[in-house]
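This report concerns only the one structure given below.
A short reminder: the numbers here are calculations on the coordinates, not readings from a lab. The shown structure was predicted, so the numbers you read here are calculated from the model rather than taken from an experiment. Note: ideal-geometry Cβ built from the backbone for every residue, glycine included; neighbour counts use all protein chains shown.
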Amino acid sequence: MQTKLHDWHVRAGARMIDFSGWDMPIQYGTGPREEHLRVRSAAGLFDIDHMGRFEIAGPDSLPFLQLVQTWDISRLAEGRAHYSLLCSESGGIIDDIFLYHLPQSWLMIVNASNTAKDLSWLQSRARGMKVSLRDRGSDTCMLALQGPAAREIIRPLCEGMDIDEMGFHRVRECSLLGAGTILCTTGYTGEPGCEMLIPAGDAGRLWAAILKEGEPRGLIPCGLGARDSLRAEACLPLYGHEIDESTDPISAGLARAAVRLEGHEFIGKRALEAVASRPLSCRLVGFEMMEPGVPRQGYPVHAGGKKVGRVTTGLASPSTGRFLGMGYVDDGFADLDREVQIVIRESPKAARIVKRPFYTSPHWR
Amino acid sequence: MEYKFDQKARYSKTHEWVRMDGAEAVVGITDYAQNKLSDVVFTDLPAVGKVLTKESAFMVIESVKAAEEVFAPVSGAVTARNEKLVKAPELVNKDPFGDGWLVRVRLSDVKELDSLMDLASYRKLVETL
């Protein structure tokens, strides 16, 4: 599949890769390291049109959403957004999502790799309810503008509203150079910025206009490589790495961010209550390499010569200059400063458990 | 895509280069190879004294994408390794034929050089890729 900006990427000389069936730019000419650092110091523009997005409307929207996701949104006011999860009856993570409360509807953003699975699962749960689910993947295009300069860049392009009036995790409908846009102050980089849904037919025009507006402030287009290293430094989970249907939100450390066990009834709640009532058998941690080496998904974590876990993500962190990673370790090996080894090509390398996130932007207001 | 080459080097099918410098050979990866790897973040350099066997993997270069093995274009013992890469692995990207060299090798059989490609043949190979 191709995003609406595919031809632009190819013309710009982007290196394209397959990502969940999408032909996506992994990097442009500047390379992922420079793209990463630019988002931390100025701004980057990402094509995230591959992300799935559903509009949920109808009188039963709220009860339907309360049933299918883990955050209690009964008090999530219009104009606000929240991170959440879709869980199975057994508490496994079907997907991690973002929910946006719009004036007449809700918007759910899901992972590209899970779009079809999520839609059919949601449709099966919507049966008998007065709720409509509309896939907005083809009539809209989705972009992310991230970095400390993002607000300055988007402000003059936005008509009828001031982005400075929007706090973090907010959503507003506005006009972006004449095109009806849903503007969200969310992102996946650990930097301030926004994500936007724009009309499909305006994708090329707005992409170019944003780049032009941002160029004097250091804006460059960024690919999936930078997106992955930015989210990893911010310790934001990636489906298929930190989370999947065999992992639960509590072991993944997402309980506080995405799950409310005190309120509404939702699918998977019983199973998660059971997980929460017992000591965890394993949990997600962050670690830093004490010996140089690049940890990668699937590498074993050892302690005292035996396997106590596995790596889910690893990277040479451009912002910190350290070799860092996340992974699941057994109970008893998750304490801060605990020494473990990451087995890289049969060779155990010293690492220690460190605090997450690895990087916190100084640009949050 | 335009790649850089080194007139004085000889090349392997797996995109390593060798250049004689006095009695020793300098070994690295080509501009084509570093470009395909993307940003290099770590080089797992072999110890001085390690004996390389032609066409066998002797080290790993880690990029943002993956860990890739580097194959010895010639046989011989490592006499020096590029210590600059420990702090600055990106030199492999910036200057693959210069400051981004990997190891120096004392050749065990100088005739092995004849089995490697010259610039014209290697350029032709890269153009077909």
Where does each of A:I93, A:I48 land when they are ranked from fewest to most other beta-carbon atoms within 10 angstrom? A:I48, A:I93
Which net charge results when you count Lys and Arg as +1 and Asp and Glu as -1 among the other residues whose beta-carbon is under 15 Å from that of A:M161? -2
Electrostatic dipole magnitude of the protein assembly as shown [Cβ: Lys, Arg +1; Asp, Glu -1; Cα centre; debye, to 20]: 480 debye
Who wins for biggest fluctuation among A:P59, A:P249, A:P318 in a Gaussian network model of chain A, springs between alpha carbons below 10 Å? A:P59
From the cross-link list B:K50/B:K87; A:K307/B:K65; A:K4/A:K117; B:K36/B:K124, which pairs have alpha carbons spaced over 19 Å apart? B:K50/B:K87; A:K307/B:K65; A:K4/A:K117
Chain B, dipole about Cα centre (Lys/Arg Cβ +1, Asp/Glu Cβ -1), debye to the nearest 20: 160 debye
Pull out a ≥ b ≥ c, the square roots of the eigenvalues of the alpha-carbon gyration tensor of chain B, then state rounded if a/c is under 1.5, prolate if not and a/b is larger than b/c, and oblate in the remaining case. oblate
Which net charge results for the neighbourhood of A:G298, defined as the other residues with beta-carbon distances under 14 angstrom from its beta-carbon, given Lys and Arg at +1 and Asp and Glu at -1? +1
If Lys and Arg each add +1 and Asp and Glu each add -1, what is the summed charge of the other residues whose beta carbon sits under 11 Å from the beta carbon of A:P357? +2
Residues whose placed amide H lies under 5 Å from that of A:C141, excluding near-sequence neighbours: A:I198, A:A200
In whole Å, how far is the Cα centre of segment B:101-129 from that of segment A:227-279? 52 Å
B:A47 to A:A209: FRET efficiency via 1/(1 + (r/R0)^6), r the Cβ-Cβ distance, R0 56 Å, to the nearest 0.05? 0.55
Note, segment A:208-217: 3J(HN,Hα) by Karplus (6.51, -1.76, 1.60, θ = phi - 60°), whole Hz, Gly/Pro = x, goes 5, 5, 5, 4, 5, 4, x, 3, x, 9
Using the Cα centre of the protein assembly as shown as origin and beta-carbon charges of +1 (Lys, Arg) and -1 (Asp, Glu), tell me which of B:P73, A:Q341, A:S124 is placed farthest towards the positive end of the dipole. A:Q341
Rounded to whole Hz, the Karplus (6.51, -1.76, 1.60) HN-Hα couplings of segment A:118-134, x for glycine and proline: 4, 4, 5, 5, 5, 4, 5, 7, 8, 4, x, 10, 7, 8, 10, 10, 10
Placed amide H near B:L45: partners under 5 Å, 5+ positions off or other chain: none
Exposed GluC sites (Glu not before Pro) absent: longest stretch of chain A, with sites in DSSP loops and at most 12 other Cβ within 10 Å deemed exposed: A:90-261
For A:Q297, the residues 5 or more places away or on another chain with a placed amide H closer than 5 Å to its own amide H are A:G314
With the charge dipole of chain A built from beta-carbon charges (+1 for Lys and Arg, -1 for Asp and Glu) about the Cα centre, the Cα from A:I267, A:S74, A:P63 projecting farthest to the positive end belongs to A:I267
Largest first and rounded to whole Å, the semi-axes √(5λ) derived from the alpha carbon gyration tensor of segment A:53-127 read 18, 13, 12
Pop out the ³J(HN,Hα) list for segment A:188-197 in order, Karplus 6.51 cos²θ - 1.76 cosθ + 1.60 with θ = phi - 60°, rounded to Hz; leave Gly and Pro as x. 9, 10, x, 10, x, x, 8, 10, 9, 9
Relative exposure of A:R127, A:R172, A:R227, judged by other C-beta atoms within 10 Å (fewest first): A:R127, A:R172, A:R227
Taking neighbour counts of Cβ atoms within 10 Å as a proxy for exposure, in what order, fewest first, do B:K94, B:K87 appear? B:K87, B:K94
Quick check on segment A:220-365: take the gyration tensor over C-alpha atoms, sort the square-rooted eigenvalues as a ≥ b ≥ c, and tell me if it's rounded (a/c under 1.5), prolate or oblate. oblate
Go ahead and estimate [θ] at 222 nm for chain A from helices alone: -39,500 (n - 2.57) per DSSP H run with n ≥ 4, summed, over the residue count, rounded to 500. -5500 deg cm²/dmol
For segment A:37-88 and segment A:334-365, what is the centre-to-centre distance using only Cα atoms, to the nearest Å? 29 Å
Whether segment A:280-354 is rounded, prolate or oblate, judged on the alpha carbon gyration tensor where a/c under 1.5 counts as rounded: prolate
Which of A:P237, A:M51, A:V308 sits closest to the plus end of the dipole of chain A, meaning its Cα is farthest towards the positive end, when Lys and Arg get +1 and Asp and Glu get -1 on the C-beta? A:V308
Just to be sure I understand: with springs between alpha-carbon atoms less than 10 Å apart, which residue in A:L157, A:L230, A:L176 has the highest mean-square fluctuation in the Gaussian network model of chain A? A:L157
